[in-house]
Each structure stands twice: as structure tokens, then as C-alpha cells.
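This report concerns only the one structure given below.
The values are calculated or read from the model by the stated rules, or taken from the named source; none is laboratory data. From a predicted model like this one, the values you see are computed outputs, not experimental measurements. As a convention, Cβ positions derive from the backbone with ideal geometry for all residues, glycine included, and neighbour counts pool all protein chains shown.
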């Protein structure tokens with residue numbers, strides 16, 4: 001890694017060397033002075049695939065002939081793992097949806113049965129309000145659907 005100070009100094013050296021190149025030169029063999037030009041460069045490559053580009057794969061193969069095959073196997077295993085994770089997440093989401101529907105049905109049935117009991121026991125207003133509010137709530141949920149935070 002190069003620090004900002006090093007980069008600044010290399011820019012100064014380049015600017016100094018450019019300005020020196022524009023000036024007329026003369027032979028200073030008696031003074032034995034030397035001018036050195038240093039160039040520093042940074043090359044960065046980036047790829048987003050788990051498999052490197054062919055040029056880099058060729059370099060890996062030059063180091064060890066089994067590297068490209070191992071990289072491909074690693075990539076295939078990673079993809080299989082990602083697919084399994086997605087499948088498990090989908091299955092658990094479906095399971096949670098089913099469980100929620102079953103609990104909602106049991107709760108609704110319990111409330112409606114309680115309302116029928118209240119009406120049969122002579123408490124018509126309480127039973128009617130309980131059954132009515134439950135049915136209105138269920139109708140609202142079925143018509144509008146549940147809103148998810150995604």
C-alpha cells in the first residue's frame with residue numbers, strides 16, 4: 001500500500017522530472033552527477049464472479065496444475081450451499097405461513113364459539129359484538145391481505 005505522502009512525493013518527482021526534461025541538458029561528466037527516474041504504478045483488477053478470469057486461471061495453473069480444478073469445485077460447492085440455504089428459507093417461510101393460518105383459524109373458531117355461547121346464555125349484546133367484531137376483522141384481513149415489511 002502506498003501512503004498519501006508517498007503518492008504526493010512520487011507526483012512531485014514526476015513533475016520535477018518533466019520540468020527537467022524541458023530544460024536543455026549539458027554534459028556534466030566532470031561532476032559525476034546522476035539523475036534517476038523512478039516510476040511507480042499500481043494495477044488493480046477486480047472480478048465479481050467466484051471464478052477468476054481465464055488469464056488469472058492460467059497463472060494459477062502455472063503455479064499448481066490442480067488449482068483451476070480446485071477453484072471450480074470450490075465454486076460449485078459454494079453454489080450448491082447457496083441453493084440449499086435458499087431452499088431451507090423458502091420451506092421455513094411456507095411452514096410459518098401454514099402455521100399462522102392454522103392458529104388464526106383456531107382462534108377465530110374459538111371466538112365464534114364463545115360468541116354463540118354468550119348468545120345462548122342470554123347475553124345477546126356481548127355475543128353479537130364479539131361475533132361481529134371477529135367477522136369484520138377476518139373480512140378486513142382477507143380483503144386487504146396482510147402487509148409485509150420487505
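Screening residue 67 against (1) under 30 Å from residue 142 (Cα atoms); (2) modelled with pLDDT of 90 or more leaves a single unmet condition, (1).
Scanning the range 57-70 for residues that are touching a helix residue (DSSP H, G or I) at 6+ places or on another chain (Cβ under 7 Å) and under 17 Å from residue 45 (Cβ atoms) yields 57, 60.
Among the listed residues 82, 115, 96, which satisfies the condition of being at pLDDT 90 or above and over 38 Å from the mean Cα position of the chain (by Cα)? Answer to the check: 115.
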